[in-house]
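Asks: Just dropping this structure here.
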Amino acid sequence: MDIKGLGERLVEQLVASGLVKDPADLYALTAEQVEHLEMGETTTGNVRRVGRKNAEKLIAEIQASKGQELWRFIRALGLPFVGEGTSTRMARVYPSLAAVQEASADDLAKIPDVGRQTAESIVAGLAEPDMQAFIARLFAAGIAPRPSEDVQAREQLAGLTFVVTGTLSQSRELVKAHLQRYGGRVAGSVTKKTSFLVAGEDAGGKLEKANELKVPVLDEAHLNTLLHDRGAPLP
């Protein structure tokens with residue numbers, strides 16, 4: 001998570017002392033626990049410890065890291081083949097980790113320079129029970145990664161709620177991620193608060209519900225027109 005002041009030596013001491021077993025444990029640390037950890041010797045041969053002031057600074061940096069950008073959080077998960085470049089490209093497409101978790105290997109493979117092998121590895125890694133438990137612990141500790149700066153600034157669809165159903169020329173998950181990227185909200189069911197139902201072929205019950213509630217229905221062509229008019233065209 002690129003936490004300032006958390007160097008290799010200190011990490012070793014935190015692990016050796018039993019205070020930290022995985023990164024989620026960092027967010028439960030207190031200055032009292034950290035200040036007495038040994039950091040080597042002084043030039044006079046005395047034991048050098050972290051100290052209260054440095055411990056308080058470290059805890060402040062750890063707490064501040066809860067709101068880092070999404071790409072840093074994705075990279076910190078340690079998924080195979082996912083370094084800074086791949087995590088950055090993923091965060092440009094998906095506005096949240098939940099959106100990444102919902103994506104299929106086909107969806108991820110469409111991201112430039114990701115490739116099929118990496119996409120399948122990401123999906124498999126995120127599906128592992130240990131990884132899911134680890135992510136749950138991080139969120140329980142208050143981790144709230146924010147969208148990348150370029151995603152954050154896009155509000156062309158703010159205030160609109162979409163439901164996407166049926167078969168489209170692009171995968172539904174990519175369409176949903178695009179709507180969210182530009183500030184739209186994507187829901188799973190049609191209600192009176194739904195702004196638009198995006199309906200592809202074989203739309204089924206959601207289309208019937210939209211007609212019943214008089215919710216505007218967009219086929220793919222009309223969705224593209226709406227997005228183009230609002231400055232948020234699909235790629």
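Read-outs throughout are calculated quantities, based only on the coordinates presented, and are distinct from any laboratory measurement. From a predicted model like this one, the values you see are computed outputs, not experimental measurements. All Cβ positions, glycine included, derive from the backbone under ideal geometry; neighbour counts span all protein chains shown.
Asks: Given the -39500 (n - 2.57) contribution per DSSP H run of 4+ residues, what per-residue ellipticity at 222 nm results for the chain, rounded to the nearest 500 deg cm²/dmol?
Replies: Value at 222 nm, helices only: -13000 deg cm²/dmol.
Asks: What percent do you get for the relative contact order of the chain when only Cα pairs under 8 Å and 6+ apart count?
Replies: RCO, the chain: 15 percent.
Asks: What FRET efficiency, computed as 1/(1 + (r/R0)^6) with R0 = 22 Å and r the Cβ-Cβ distance, is obtained for residue 133 and residue 33, rounded to the nearest 0.05? Working shown, then result.
Replies: Working: r = 23 Å, r/R0 = 1.06.
So the FRET efficiency works out to roughly 0.40.
Asks: Here is a follow-up. Could you tell me which label, among [x] 49; [y] 58; [z] 54, carries the value of percent of Cα pairs over 23 Å apart calculated for this structure?
Replies: [y]
Asks: Then there's this: From the backbone phi of segment 181-188, what are the Karplus-calculated ³J(HN,Hα) couplings (6.51 cos²θ - 1.76 cosθ + 1.60, θ = phi - 60°) in whole Hz, Gly and Pro given as x?
Replies: Coupling constants for segment 181-188: 4, 9, x, x, 9, 10, 10, x Hz.
Asks: Something else: Explain nothing, just the number: dipole magnitude of segment 70-149 about its Cα centre with +1 on each Lys and Arg Cβ and -1 on each Asp and Glu Cβ, in debye rounded to the nearest 20.
Replies: On the way: 8 positive and 9 negative charges, 52 e Å.
My answer is approximately 240 debye.
Asks: Using Cα pairs closer than 8 Å and at least 6 residues apart in sequence, work out the relative contact order for segment 13-82, in percent. Display every interim value, and only then the final one.
Replies: Numbers: 52 pairs, mean separation 16.5, N = 70.
RCO, segment 13-82: 24 percent.
Asks: Still on this model: Starting from the Kirkwood radius over alpha-carbon pairs of segment 122-235, derive D by Stokes-Einstein at 10 °C in a medium of 1.306 mPa s and give it in µm² s⁻¹.
Replies: Working: Rh = 15.7 Å.
Value of D from the Cα-based Kirkwood radius: 101 µm²/s.
Asks: Order the peptides 155-168, 35-48, 121-134, 88-101 from the highest to the lowest mean number of other Cβ atoms within 10 Å of their residues. Provide the component values of the computation, followed by the final result.
Replies: Working: 155-168: 17.2, 35-48: 11.0, 121-134: 14.5, 88-101: 21.0.
Ranking, from highest mean packing down: 88-101, 155-168, 121-134, 35-48.
Asks: Taking θ as phi - 60°, what are the ³J(HN,Hα) couplings along segment 59-68 by the Karplus curve (6.51, -1.76, 1.60), each to the nearest whole Hz, with x for Gly and Pro?
Replies: With coefficients 6.51, -1.76 and 1.60, one gets 4, 5, 5, 4, 5, 5, 6, 4, x, 5 Hz.
Asks: Tell me which residues come under 5 Å, amide H to amide H, from residue 146 once H is placed; ignore anything under 5 positions away on its chain.
Replies: 68, 69, 70
Asks: Now, a different point. Given 57/176; 110/192; 66/209; 176/214, which pairs have Cα atoms separated by over 30 Å? Can you show the working numbers first?
Replies: Working: 57/176 40 Å; 110/192 34 Å; 66/209 40 Å; 176/214 22 Å.
As for pairs spanning more than 30 Å Cα to Cα, those are 57/176; 110/192; 66/209.
Asks: With +1 on the Cβ of every Lys and Arg and -1 on the Cβ of every Asp and Glu, and nothing else charged, how large is the dipole of the chain about its Cα centre, in debye rounded to the nearest 20? Walk me through the numbers on the way to the answer.
Replies: Numbers: 28 positive and 31 negative charges, 136 e Å.
Roughly 660 debye, rounded to the nearest 20.
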